[in-house]
Every structure is written in C-alpha cells, then in structure tokens.
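What follows draws every value from the coordinates through simple rules; no lab data is involved. Just so we're clear, the structure is a prediction, and the values are computed from it rather than from any experiment. Methodologically, a virtual Cβ is constructed for each residue, glycine included, from the backbone with ideal geometry; neighbour enumeration extends over all protein chains shown.
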Amino acid sequence: MRMTERRQMLLALLIKEYVNKALPVGSETLAKMDLGVSSATIRNELAALEEEGFLTHPHTSAGRVPTEKGYRYFVETLMDNMELTTDEQQMIRHQFHQVTLDVEQWMRLSAAVLAHTSKMAALVTAPSAHQTRFKHVELIAISEMVAMMVLILQAGTVKQQMLYSTDLLEQEELRRIANRLNEKFAGRNVQEIREQARAMSGFAQDAAQRIQHIIEQMDHRTSREIYRDGLLDILRQPEFIIVEKMQQLLEVLEQRTFLEEMLNELAPARGVQVVIGSEGGREELNDYSLVMARYGIEGEASGVLGVIGPLRMPYPRAVSAVKYVSQMLDDLMLRFYSAR
C-alpha cells in the first residue's frame, strides 16, 4: 500500500483522537473535523490502513484503534517535533538549579518532574561508573575521639561514616589528613588507593582503609537504586480499570533487577528511544510503551531515565519531557565533576 498524504493525515488524526479520548475512533468522528473529504472516502482509507496493519477494529465497536505498527509509523514519520513550553522549561531549570550537589536529590527531582510533565510513571536509575573512583573526602571532628567522614565518589554517590580514634582528634589535623587523602586518591580506583595507602600510618591509614572498603562494596553491587514517581497518574488511565492490568503493571514496577536490566538493555547510547509494546522483546512489556534516554558523562558515569505508560501514550509530550530532563541531568553531572 502506498502511504499517501491523506492516509498519513487520517492516521495521525485518529491516533491523536484516540490518545485524547481513549475510545475507538470512527469515520464519522474524523468527518466532523471538516477535512474536505467525504465520510465514504474516510471509511475506505481507514479500511486500507487496517488492512495494512496500522489500525485494528475492536469487535464491540464501530471505531478503530492504532496497532503497534500504527504507533511506530506515527512516532517515526508523523509525530510533531514538540518542545516543552518556554514557561515549563524555565520552571524545570529553576527547580534543578535549586538542588545541591546531591545525587539522590537529582534522582528524586528528575522522577517527579518527568511524572508531572508526562502524566506517566517515571523511572530514573542512579548514575554509575564501570569502576568506582574516589572524588573527595571531608573529615569533621564530632568529639575528641570521633570524626565523621563524608566521602564523595565520582559517580556522585555520597557516603557518611563515623571513624573512631584512640588519640585526640583536632579539626585542624583532620583537615590536613583530608587534604593529603584528596591529593593522593583523586580519581583513583580501589587498587590504586590501596597502593597509595601503604605509606600512610595512624588515623590517615584508618581513613584510607575505610575508603577502600566503601569503594569495594560499591564495585560489588549487583543493582542500582531506581527512583520512581507518577504511579497514581498512570493508574488513573482507562487501561488500568481492569484489576489484572493494574496488578501486572505494579509487578513490573516492583521488580528492580528486571527494570534495571530492561532500561540498560533498551536505552540508546545517545538520544531518545521509544519502545512500543512487544518491540522490547519482553512479554511483561507487551501492553506498555517506554520512552528513554541516557544521561551523564561518557566514560565517567551515566544512568537512564524514562517514562512508562500504556500504548496509548502522548508520545510527543513524553519524548520532549525525557529529552529535556536528560539535558538537565547532563548539566548537573558536568557541574558535579567540575566542582571541588
């Protein structure tokens, strides 16, 4: 079948109408849009689109709904290159610029902004590096023999631990030790830190050993934290009135290892990726669409963010939201890596 301009127009209008109303779309509905085309012609064109697999015909309705093939054609060929409004972009930028250099705050904010903007469920994985590396440490005197160590890793993770000493701890001495550790360990992995720490002694050696232990734990993690938001928004969609559908979605969102594997496997190296239904190659996702992007600094640390929703997703809105928030996280990661 030749996809004429008229068929493209009708397919795009039908998809937009179905996304907005969640009801099968009949030729009469499209005819009322004053397209300059007769109802009979619209019926014939919709029949041709259905025959080619772009639309399907529910048994209980006179209208038609898009198929995965129809949504895919819409996303690749017909979808407007939509951007968030200037006011929305300004509001999101303001929210991100208010957060401190705290990765957990970034993740929670990213998930909240994505969910609010797209009205879908948002998923954000914490950034990780292939190999954990030291960035910075602070040592703060809590009492005469107790200090708090604040360790920052290059992927953005912040760890706090208490260190105990048999000797008196003065803040000035702790500052000198922290400066020495920062000078020796900057950008190094656990093996390199172990080599550097051999020449140390006293409290500096104690702190170095604790740093090694933390980094080893990070290197041996089997999964990362996944931040979620917007579950209530997506459960309000008509698709989830059926209890079984709701339970299925909740089960998918609760499987952290599955989600992480799925996001890492499907997310593109660059840009935004749209995965529609069975395209994901996983039966659990056949009723859902995903819009995803990677963020971070290539070769240093990166993560994945995205939204998940029913096939009847407002794709232009979802793509623009994912694209913009990933850019915000890219900027934050650059700020973090350049900060001292």
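Summary of values
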read-out	value
Overall dimensions of the chain by Cα: Rg and Dmax, Å	26.0, 91
Region 15-31-region 241-298 distance, computed between alpha-carbon centres (Å)	27 Å
Convex hull per residue volume in Å³, alpha carbons only, for region 5-78	83 Å³
Helix axis angle, 39-51 relative to the chain longest principal axis, alpha carbon, degrees	50 degrees
From phi via Karplus (6.51, -1.76, 1.60), per-residue ³J(HN,Hα) for region 202-207 in Hz, x at Gly/Pro	x, 5, 4, 5, 4, 5
Summed residue charge, Cβ within 9 Å of LEU163's Cβ, Lys/Arg positive, Asp/Glu negative	0
Helix 256-266 axis, angle to the chain major axis (alpha carbon atoms, nearest 10°)	70 degrees
0 to 90° range, to nearest 10: angle between helix 103-118 axis and the chain longest Cα axis	10 degrees
Residue of ARG133, ARG188, ARG175 that the Gaussian network model of the chain assigns the largest fluctuation, springs spanning Cα pairs under 10 Å	ARG175
Set of region 300-319 residues, backbone N closer than 14 Å to the point 7 Å along the Cα-Cβ line of GLN248	309-312
Restricting region 9-101 to GluC sites (Glu not before Pro) in coil, as DSSP defines it, with at most 13 other Cβ within 10 Å	GLU83
Region 1-149: C-alpha pair distances exceeding 26 Å, %	53 percent
26 Å Cα-Cα threshold exceeded, pairs from LYS32/LYS323; LYS16/LYS323; LYS16/LYS245; LYS32/LYS119; LYS32/LYS245	LYS32/LYS323; LYS32/LYS119; LYS32/LYS245
